[in-house]
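The values are calculated or read from the model by the stated rules, or taken from the named source; none is laboratory data. Note that the structure is a prediction, hence the values are computed from the model and not measured. Positions of Cβ are generated from backbone atoms using ideal geometry, with glycine treated the same way; all protein chains shown enter the neighbour counts.
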Amino acid sequence: MTVGCIIPAAGRGERMGGGQPKALRTLAGATLLEHAVRAMAASRKVTEIVIAAPPDQVTSIVSLMSSLRIDARIDVVAGGDTRTDSVRLGLAALPSTCTTILVHDAARPLVPVDVVDRVAAAVGDGAPAVVPVVPIVDTVKQVDEAGQVVRTVDRSELRAAQTPQGFSAEVLRNALSTASLEATDDAGLVEQAGHPVLVVPGDEEAMKVTRPLDLLVAEAIVRRRSGRVH
Ligand code: CTP
Ligand code: MG
């Protein structure tokens, strides 16, 4: 099984602010993107990585990656207007020899290698689509437009989806080739295309960096990993 990885990194990071693409924000001395690429390449299974970069940052990201010194082959392409478009553009650049494809957000820089291996292994074992998930900790309310609670959703049935999400190449190509589909994650597209999606345990350290507070949490995780804080 040849495992390829697409890293959508072309978002503007509007919720983070700061006037810079989020993937290029610094966390503990390296960009979120460098952390994410290293985290994926930490899995020995991953041999090909394609980054969908902000279109005006392709050259700078190529040079950033050339200093990374990792074994996987890295390609950088211009991303698109939506996350789904960026994944489509990344997929087009991935070698057709990749039978398993992992899609991982640059915004999840600290995903543990166990999660990457678990997702890749489940696809290797025959699952067409695999999503790492964690339980929801908040009580979740469905609300209407008037600001009234419609109901309290049964939390025990809900999970928060993380990345990397893993797919057999054929299933992902099929879902992404349907131009009308749009979703906030890739498994959402695959579900809409009618394929079953398996869940495996995610990890709270695979948290998404979305707002400024998330960067502080990510920094604390890096400090804890380096043994300075327990
Ligand atoms: N992404 C992408 N292309 C887009 C939009 C998003 O490649 N047109 C990527 C982001 O770079 C990120 C991942 O998809 O790695 C998840 O998106 P999100 O966390 O929403 O990041 P942003 O879109 O950058 O943030 P925001 O929505 O706050 O602007
Ligand atoms: Mg976004």
Checklist outcome for this item: The condition of being part of a helix (DSSP H, G or I) and more than 25 Å from Leu158 (Cα to Cα) holds, among Val217, Val222, only for Val222
Checklist outcome for this item: Being over 17 Å from His35 (Cβ atoms) and more than 16 Å from ligand 1 (Cβ to nearest atom) narrows Glu219, Glu170, Glu204, Glu182 down to just Glu170
Checklist entry - Can you find a residue in region 101-124 that is on the phi > 0 side of the Ramachandran plot and not in a strand (DSSP E or B)? => result no
Checklist entry - Within region 66-100, which residues are of a type in the set (A, V, I, L, M) and outside any helix (DSSP H, G or I)? => result Leu68, Ile70, Ala72, Ile74, Val76, Val77, Ala78, Leu94
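Okay, residues lined up against (1) more than 13 Å from the chain's Cα centre (by Cα); (2) farther than 19 Å from Ile70 by Cα; (3) within 13 Å of ligand 2 (Cβ to nearest atom); (4) of a type in the set (Asp, Glu):
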site: Ala10; (1), (2), (3), (4): no, yes, yes, no
site: Met16; (1), (2), (3), (4): yes, yes, yes, no
site: Ala23; (1), (2), (3), (4): no, no, yes, no
site: His35; (1), (2), (3), (4): no, no, no, no
site: Lys45; (1), (2), (3), (4): yes, no, no, no
Item to check | Top-ranked residue in region 3-27 [being buried (at least 16 other Cβ atoms within 10 Å of the Cβ) and away from ligand 1 (no atom under 11 Å from the Cβ); ranked as nearest to Arg224 (Cα to Cα)] | outcome: Leu27
Item to check | So Arg108, is it basic (Lys, Arg), surrounded by 14 or more Cβ atoms within 10 Å (Cβ to Cβ), modelled with pLDDT of 95 or more and under 21 Å from Ile49 (Cα atoms) | outcome: yes
